[in-house]
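Data block below; observations after.
The values are calculated or read from the model by the stated rules, or taken from the named source; none is laboratory data. In this text, all values refer to a predicted model and were calculated from it rather than measured experimentally. Here the Cβ positions follow ideal geometry from the backbone for every residue, glycine too, while neighbour counts run over all protein chains shown.
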Amino acid sequence: MGSKIAELLDKTATKIILAIVLGFIVGALALAGAGYDPVASYAMMFTSIFSSPQNMIQVLILTTPNILTGLSVAFAFKTGLFNIGGEGQYLMGATAAVMVGGVFNLPPVINVLVIILAAVIAAGLYGALAGFLKARFGIHEVITTIMLNWIALYFNNYLISVPGIGLKNTQYSFPIQQNAWTNVLSSWKTSSQGQVYLAAHPTLNTILLGTDINYGFIIAIVVALLISFLLYRTTFGYQIRAVGLNKDAAEGAGIKVKKNIVMTMFIAGGLSGVAGALQMTGTAPHALVTLATQPGYGFNGITVALMANSSPIGCIFTALLLSGLQFGGSTIQMNLGAPSEVVNIMIGVIVFFVAVASMFTMISERLKRRRIKVAD
Amino acid sequence: MNAQQQYAVEMQSIYKYFDTFCALNSVNLKVKKGSIHALLGENGAGKTTLMNILYGLYRPDSGKILINGEPVEMKNPNVAIEHKIGMVHQHFKLVEKFTVAQNIILGQEVVKAGCILDLARARKQVRELSQTYGLAVDPDAKIEDISVGMQQRVEILKALYRGVEILILDEPTAVLTPQEISELVNTMHNLTANGKTIIIITHKLKEIKKSSEYCTIIRRGKYIDTVDVKSVTEQMLASKMVGREVNLIVEKTKANPQDVIFSIDNLTIEDNRKIERVKDFSLSVRRGEIVGIAGIDGNGQKELVEAITCLTKVKSGKISLNGVELQNTSPHNVIENGICTIHEDRQKRGLVLDFPVKYNFILENHHKPQFAAHYVLKEQAISKFAEDSIKAYDVRPENCASEPVKALSGGNQQKVIIARELSNNPELLLAFQPTRGLDVGAIEFIHNALIKHRDSGHSILLISFELDEIINVSDRICVLYDGRIVAEFQQGEVDEYELGLLMAGGEKKDGI
């Protein structure tokens, strides 16, 4: 029995689940300390999501960009780079998506692919710039990506101020053409035929018209699978991981370290760019908006990647968790008056315990040692 | 003196497990007060683990420790320090930018008025200490400017400054010249004459014979024997350590060198502070010979290796293999042209420690058709290659292909590197400290592998700080001093004392 627990404790997934449980416990303590019933709060968070299909869809929509920015950070981690530039890369992707999707009128499906491609290239190059500065001049990527975030933000705002791009007297740019939207049945649901049908089916009505339900979530999962394949099955992934784990040995073996750094940052940037593109094609207003502050998906990505211990597949689940918590947090504030910040405490605790996962290894070793002593 | 107090250190039936691996299995050690006691064992035998337990860095799973007859629970190094135990680690723990005196007092500073550093008094104390024990150091020299031998004396003084009575030296001779080694042996005798007790961890038999009175041998975590050093031969010690008969002399036939394939002409290399580390260096290696470069660490070996492998740029000069110039190209190009390298620091340059063993076997060749098709790794081919290499080179444990390479012992890690580099069948194998930190058994294996490679018509450039290795393995020996070759010999023309002098900057004796 003890041995099984010890072995289980040594698995990464177990460690992460334990960290999440600890996060919930500490969150409960914080709630109780502030005078709120933790059980009722958690129940509220849970039921608010799972009681209505509309809310479940809402969480999935929130999850989509978080998966992709999470992948972006996790991918860079594998080469030993800390990509804080998800925000800027997301915005560059969104900008490219709106420019291409708003101007060109291409056949359906192809138009979405072209938009995503444009976003990958724009955001990828934006990420690669930080990679290049690191490889060529040794400037730390944390510094460059943070600064590039702000450049992207003001570039976005500038574009909206340009006549012809920004719509007069609004905070919006022109939108992506409707046939490039990735919403489920986007043209049918607004047609007269669709309206009649939906009026008769209230559940479907709330899902299709009450949310921006779109195909982004599926695309994000496919991308996560592709990234996992790229990392663990290809020569390029092999090189990236070798560089990330031991740059000197990789260099000595003839692997081009600098090229790998730039390529990694291109792909990391591209992933955040896809997040931006899918957000533009999938959610209203399908246009750029003047921003006062960073949209937050890039920073969510850091949390997602840290919670997933940089596993691409893990990012899908931790992005779901993060988005669920953020959604649930807002409902407890609305309905119980409990502070939604408790969600941030929980997330912080989870990240902390994933980071000190070695603690679980230690416990596991203690258990094993006890077993050996018993055997003696 | 009653019987109990006769021993400074007694360790009784010590057990230590790492995971399910039993690192120490009922090991006993008794060290007489005022003696020099050697702890002998192969790499991974558990000598350092045992000493780390004595120093409180690890806690034993069971067993007793007695210091001067008193049972002590070694919870952490502070307890060890309280009991006047000091340890000089293999890799020194000194602050490079500080002076000798500053390093010695670090952590136990001499102060006046409660908080003001009194360097004058510190210097005086250091000088007194160094006179008492005959350890010559300059208290005002900076660590980065003094030799390795001197740094070691600083480490020993640091321990003495803290009033140490029992001193543990972990592989103290690994980086020293023969002359420095005899100085160290003198120092050790001085210390025991002053009543100190010394435990020396080593796998060098010669030094045990020279320095120690008693020797405890452990093998694979098991206590084997404690012997009176005077009554045994080196050969007997080696057999006890390895558990079988070992050949201490490298067996090889005479070299049959052919045409020159590798040459370095007038090579000059600057380091990043624009100081010339290799100066107008020329060398040629012929097919079918092993050329050894003897020298003390820091005379340009590292720069030379990095230049040949294109990890650093050369300022001027040519490096060519089969007439193809290679300097200032890329590591990839050098490998493709037929030079493979065993790097000095296997954990830094040689291996990706967190990768499984099988991935480490393909570090240079992962993109070759043998291991990848259309950029996708062929897992089966990789596993097969790893398993074959593990068998051929006797890497242990046998089923380690999917384990991270960091789980292997040093000797087995080195075998992984040798297997990988030789699988490329390189025209020139550049071997830089190929047996660093390895035990007799592994050294024998690696030397034989090198000679086999030579006998198959290839060349080897061997750069080593171990004189025995240079003398035994090389067909031709060059002495490197201050970035230049100062002398050249055929094998058998020179002994270690003459080499030692030349390595330290002495003049070459002209025939009398």
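Of note:
- Qualifying residue in the stretch B:339-352 (condition: more than 9 Å from chain A (Cβ to nearest Cβ), small (Gly, Ala, Ser) and touching a helix residue (DSSP H, G or I) at 6+ places or on another chain (Cβ under 7 Å)): no
- Condition met for residue A:232 (surrounded by fewer than 21 Cβ atoms within 10 Å (Cβ to Cβ) and of a type outside the set (A, V, I, L, M)): yes
- Residue ID - farthest from residue A:248 (Cα to Cα), chosen from residues in the stretch B:354-404 that are among the β-branched types (Val, Ile, Thr) and touching a strand residue (DSSP E or B) at 6+ places or on another chain (Cβ under 8 Å): B:376
Listed here are the residues, each with its yes/no results for (1) modelled with pLDDT of 90 or more; (2) more than 17 Å from residue A:86 (Cβ to Cβ); (3) not assigned by TED's automatic domain parsing to the domain that holds residue A:97; (4) not in a loop (DSSP other than H, G, I, E, B).
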position	(1), (2), (3), (4)
A:286	yes, yes, no, no
A:301	yes, no, no, yes
A:322	yes, no, no, yes
A:332	no, yes, no, yes
A:353	no, yes, yes, yes
A:367	no, yes, yes, yes
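- Test: residue in the stretch B:432-455 that is among the basic types (Lys, Arg) and closer than 23 Å to residue B:348 by Cβ: yes
- Any hit, the stretch B:167-178, residues being assigned to a helix (DSSP H, G or I) and either within 22 Å of residue B:465 (Cα to Cα) or in contact with a Ser or Thr (Cβ under 6 Å, 6 or more places away or on another chain) (or both): yes
- Of all residues in the stretch A:188-229, those that are exposed (fewer than 13 other Cβ atoms within 10 Å of the Cβ) and under 17 Å from residue A:55 (Cβ atoms) total 2.
- Exactly one residue out of B:23, B:38, B:45, B:101 is in contact with a helix residue (DSSP H, G or I) (Cβ under 9 Å, 6 or more places away or on another chain), part of a helix (DSSP H, G or I) and crowded, with 16+ Cβ neighbours inside 10 Å, and it is B:101.
- Exactly one residue among A:225, A:208 is more than 19 Å from residue A:59 (Cα to Cα) and away from chain B (no Cβ under 13 Å), and that residue is A:225.
- Checked against (1) away from chain A (no Cβ under 14 Å); (2) outside any loop (DSSP other than H, G, I, E, B), residue B:16 meets all criteria but (1).
- Breaking point among (1) touching a residue at least 40 places away in the same chain (Cβ under 8 Å); (2) within 14 Å of chain B (Cβ to nearest Cβ), for residue A:250: (1)
- Restricting the first member to the stretch B:450-465 and to residues that are within 29 Å of residue B:180 (Cα to Cα) and modelled with pLDDT of 95 or more, and the second to residues that are among the polar types (S, T, N, Q) and surrounded by 19 or more Cβ atoms within 10 Å (Cβ to Cβ), the beta-carbon pairs closer than 8 Å and six or more apart or on different chains are B:462/B:474; B:463/B:301; B:463/B:433.
- Filter result for residue B:65 (surrounded by 16 or more Cβ atoms within 10 Å (Cβ to Cβ), at pLDDT 90 or above and hydrophobic (A, V, I, L, M, F, W, C)): yes
- Only one of the numbered conditions (1) in contact with a Lys or Arg (Cβ under 6 Å, 6 or more places away or on another chain); (2) away from chain A (no Cβ under 14 Å); (3) at pLDDT below 95 is not met by residue B:298, and that is (1).
- Selection status of residue B:250, crowded, with 19+ Cβ neighbours inside 10 Å, more than 14 Å from every other protein chain (Cβ to nearest Cβ) and among the hydrophobic types (A, V, I, L, M, F, W, C): no
- Per-region count, the stretch B:358-411, residues surrounded by 16 or more Cβ atoms within 10 Å (Cβ to Cβ), farther than 25 Å from residue B:45 by Cβ and of a type in the set (Phe, Trp, Tyr): 4
- Selection within the stretch B:332-387 - of a type in the set (Lys, Arg), within 18 Å of residue B:461 (Cβ to Cβ) and touching an Asp or Glu at 6+ places or on another chain (Cβ under 7 Å): B:349
- Among the candidates A:190, A:145, the residue that is in a loop (DSSP other than H, G, I, E, B) and hydroxyl-bearing (Ser, Thr, Tyr) is uniquely A:190.
- Taken over the stretch B:402-413, the criterion of being within 14 Å of chain A (Cβ to nearest Cβ) and closer than 24 Å to residue B:452 by Cβ is satisfied by B:405, B:413.
- Taking the criterion of being part of a loop (DSSP other than H, G, I, E, B), polar (S, T, N, Q) and more than 10 Å from every other protein chain (Cβ to nearest Cβ), the residues of the stretch B:356-401 that qualify are B:370, B:399.
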